[in-house]
1. Mind counting the residues in the range 993-1024 that are surrounded by 16 or more Cβ atoms within 10 Å (Cβ to Cβ), outside any strand (DSSP E or B) and not small (Gly, Ala, Ser)?
2. Out of (1) modelled with pLDDT of 95 or more; (2) of a type in the set (S, T, N, Q); (3) crowded, with 17+ Cβ neighbours inside 10 Å, the odd one out for Thr91 is which?
3. For the range 106-127, enumerate the residues that are among the hydroxyl-bearing types (Ser, Thr, Tyr) and surrounded by fewer than 15 Cβ atoms within 10 Å (Cβ to Cβ).
4. For the range 1025-1041, enumerate the residues that are assigned to a loop (DSSP other than H, G, I, E, B) and closer than 27 Å to Thr912 by Cα.
5. So is Asn608 under 21 Å from Asn772 (Cα atoms) and surrounded by fewer than 18 Cβ atoms within 10 Å (Cβ to Cβ) or not?
6. Output yes when any residue across the range 1050-1061 is outside the structural domain of Ser1166 (by TED's automatic domain parsing), touching a Phe, Trp or Tyr at 6+ places or on another chain (Cβ under 9 Å), part of a loop (DSSP other than H, G, I, E, B) and buried (at least 18 other Cβ atoms within 10 Å of the Cβ), and no when none is.
7. I'd like to check which strands (runs of 3 or more DSSP E) are fully inside the range 602-710 and have at least 2 residues that are closer than 30 Å to Ser783 by Cα.
8. Considering only the range 64-92, state which residues are within 17 Å of Thr8 (Cα to Cα) and either among the aliphatic types (A, V, I, L, M) or in contact with a Cys (Cβ under 7 Å, 6 or more places away or on another chain) (or both).
Amino acid sequence: APIINTPTNYEVCDDNNDGISCLFLLNTKDSEVSTAPGIQITYHWTLTDAQTGSNDIPKNTPYCNINSINTQTLYIRVFDPAAPTCASITTLQLIVHPKPVANIPSDYHTCDDDTDGSAVFNLTAVVTPQVLGTTLPSATHTVTYYESLADAQAPTNPIAFPSAYLSSTKTLWIRVENTATGCFDITTVKLIVDPLPIKLAFYPQFETCEVNAPVGFETFDLTTQIPAILLGQTGVSVTFYPSLAEAVSNTNPITTPNAYTNAQANAQTIGIRLTNTSTGCFVVSTMDLIVNPKPQPIPQAHPYIVCDTDQDGVAGFDLNTLTPDILMGAPGVYTISYFLTQTDAINNVNPIDTSVLFYNNNHPLVQFIYVRAEDPTTHCFAVMQIELRVEPAPVAPANLPAIVNCDADANPQDGCTTFNLESQTPVILAAQALAGSNYTVTYYTSLANASASPNGLAPIVNTTNYTACGTTTIWVRVQNNTTGCFAVSQFSTQVNTPTVLSTPTLLKICDNDANPNDLYTTFNMSAFVGTVPGHTLEFFIDSAYTQPIANPQAFVNTIAATQTVFIVATNTTTGCKSYRTLTLVVLPVPTPNTNLSSMPLVSCDINNPNDGYEIFDLTTHATYIMNNDNNVTLHYYPSQNDAINNTNEILTPTAANVNQNVWIRVESNYFIDYHPEHCYVLVEQPIKVNPLPLLNSGIVYQECDDDTDGITAFDLTSLAAALLNGNALPLSNYTLAYYLTNPPTTPIANPAVFYNSNTTGNTQTIYVVATNTTTGCQSPVQSFTIMVNPKPTATAPTDFAHCDDEPNDNDGYYPYDLSLLIPTILGPSQTLADYDVFFYDSQYDPDATPPLTPAPITDLINYQTYTHTLWVVVKNKITGCERIVSFKTTIEQLPTPVITADTNVICVDYNTHQPVRNLVLTATNTTTYLSGTTPPTYTYQWLDAAGVPIAGATNQTYTVVGPFANNISDSFSVVMTSTTASPLGCSTTSAPFTVLQSGQAATVPAYSQGYTITNAFAENQIITVNVAGYGTYEFSLDDGPRQTSNVFENVALGTHNITVWDTEGGMQSSCDPLIISEVQTIDYPHFFTPNGDGINDYWNIVGLQNDFNAKIYIFDRYGKLIKQISPQSKGWDGTYNGNPMFSTDYWFSVDYSEANAIKQFKAHFSLKR
């Protein structure tokens, strides 16, 4: 009988204190019982079973004690299979220790003393007694704390100083362990850092008016400040103190805070203490008490004048426009209100409503009112008188069309969106008597603001992108730029609200595609969402709707696991868009162990031999397949299609008669897609019936000898495939045992590294036996021969490096005659008659796994090398033995610098000769480097047109500034040189880059008006533009076509703009154009109407404003001189010596300059009243 030992007790902890544990893995005790080779160890419930060898307990799967609570005795049988009746018996004691049950502690609170969200907790003093309670003695139990459950379970990384643990609000895990058994329980405690009350470092000043003596002292009601001090907090008390120090020490609180007189004149800092009434946490701050003087508003410098629209002496005054002057440009200093009488202003009663215009109905032309200036903080006030005066106003068009837009902004259901109010401006200006340039149009949200003088109040700034809700009234003001008079009209904006979509918002699909559980899969969103009547649907990835989904029928989510897709439904009638989201959820499929290729269910074909069927327990690997996932269910099917379609399920998987692989459908118990169907994964269970193995004969295994001693290492295991060739099962299902003798009594201990033992010959016979590891079937003894051959020698060539300087090449390849290296590689004692020499572009290693056997280089003489390692093989032509060496070649490609820039022109001011626009040149390397090589780093040196290096120009970019020496052009080039660690220093110089000098045209003479007009008063007046500059110029009139001539003929009467364009480097590179504005042809009005309506009230010649020597004389029909005027004046007002002249024709003559000569023109015009 075998000699055995009694194993130690097998002790485990009870996970639920029921006295039963399923954690006993009996085979772990085998080594304690016996380590003798060839014996078998079995475990039994009773001594009789152990003695007879019956009913052995499976020892490779977890065992649950069943005979009694907490302990059980098992019996161990140890025997040699060659003598099974001679067995030894011993016992194994199973012990289940109860685990301690920790008491759950209360949440642990402390104040945040420095507002950093952290505080120090004494876990040992506060939490440990709660956890142990009265049921767990501290003498037999330890309590440790951890920041994660994993650490508590390990246990690892316990909190080192639990009595002074600095922490923010968090949950800790507590491990309570029995020091005798090692059994433990884990619970948690929540650490809570209670925040301090919220406070300001100091609170806003509490101010009052200076009304009582003595000066600088007043009574304050501090309780009125409490709401502002609390900042919306509840559960916090506020206490006031005469000073900050008393607030800190909590001494001498102010007992009557509702009537406290400051103790220090004018200003005093008091202390404030805020205390959380629940936690007791407190903070301290301050507040200044200030006694303020009365306001000092600024008196009116001039009467408030408005325009009268109906000449009745009554007009509307926007009193709000007076406020900025009263406050002297400091808004908010005082609160301003207006009153009809001084008494009302003092008593602050019956204020004039400034939200609407004030009309002087009871006092035409002039009225006095009173303004009250009140400090908004202290409410101190002062009253003063102001004067209102009415002066005689444009046309406000009625019935302006409404602007209608869809609500298409971020909140399409709030009835608000943006409008371009400027679309009304052309309509408004068309209704005016004068040209549109004489008026300013502004927009407002109220009539009061639109009517405010002098220029309206708070006009809408973003008029092209104004947000309005529902139907909104917009007020528009048109104002004469000269007189300041204005008129106000209105129109409405209307928002159409898009349809509220009710399409589904959640689509769940199992991640069972080609890449399961990668959190990405394909969604048919169109079919799922369906259609919305009267709308077209579009799908977008982003909330800005800039990334449309081209194929919503087959969309793969671009964000892992869950992604929100944005849907746009466009109303086919109104064009309004509605928006909706669709959340895509990729459900995880089960994660079973799916690779059972190494876990087939294998059996010899013993039932009805050779019929291919056997009875199998398909649930054998169920636990392994489930992969510790208790939330799945396994179903078994005879084919993959059956498993997919859930048909023909095998209902007796523990005794299934099958002849092929079985498919297992692993279904999730919880994750169900939108069909609804449980997410599942298919697992293929291999089924195999194996024959006996057979070995091949006549195999000769040759190895090469490195050191010519006739002995070398053989990997006998490498012959496994050759020996087993022809067997039905793969090589992995067999073990091969190698022997020196037959019968196989002398095993080879390490067949993977076996050294031949023959010393006289170069061959030796080896014997081998194959065993099918699944069936236990064994092959007959077979033999094969091993043979030793010597290896050749090989000398590695030296490394080769060169710049790729072949003309017109630079492809990374360079000619290198490899045949010249062969004599060095072979050496003096080896010749090509006996040896072959092969070169390879990649590693040659036939012994690698897998073997590396690239094709050899065939044309050695014309070989083009590149940066890489070359491998050389010297091979014996007879034995095939070979030796491998390598060397490196480095071919560095030359850089190909090309100079680029945004343009090829710099701009220089013609008058100051100063650069206006510089030019940055950039050197770009356009070399296409050979794949697999790393481009070098480079230095740069810029050269001038003569090829001389430019000092300091060593960056990749170079900034060109002007002017150039010839004021025309200059050229530049750059040298790029390699600075890579390889010492080649390859370099190239770029082609030159020519830069042109140009600039904006300048008027001649400098800073003059830049033009002359000839043929004055004619229909075909001529404008000649006088400019000079560094560029080539073209000219256009009133944004018309450009021309190369500087002369414009047959120019229409009126005001014109001339643009001078620089075309030196092409329009895309041009310098700024010169714009000559307000070019007026010379003409005169044929009539005027001096009736005081602001239209044609004066007569003068236009176009001579810049001719300061021009003189105009006006005569009546009898030749009497009535008036002499200048072109720079308003002109003649139709009076003589202050008296209005009659409606009739009048004559004039004008002396003016043209082409450096004085000319005179005469004609007549009409005065109409």
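1. Total satisfying the criteria: 3.
2. (3)
3. Ser106, Thr115
4. Selection gives Asn1026, Gly1029, Tyr1030, Gly1031, Thr1032.
5. No.
6. Checked against the condition, which is being outside the structural domain of Ser1166 (by TED's automatic domain parsing), touching a Phe, Trp or Tyr at 6+ places or on another chain (Cβ under 9 Å), part of a loop (DSSP other than H, G, I, E, B) and buried (at least 18 other Cβ atoms within 10 Å of the Cβ), the range 1050-1061 yields no hits at all.
7. 700-705
8. Leu74, Ile76, Val78, Ile89, Leu92
The values are calculated or read from the model by the stated rules, or taken from the named source; none is laboratory data. Nothing here was measured: the structure is a model prediction, and the numbers come from that model. Note that each Cβ is placed from the backbone with ideal geometry, even for glycine, and that neighbours are counted across all protein chains shown.
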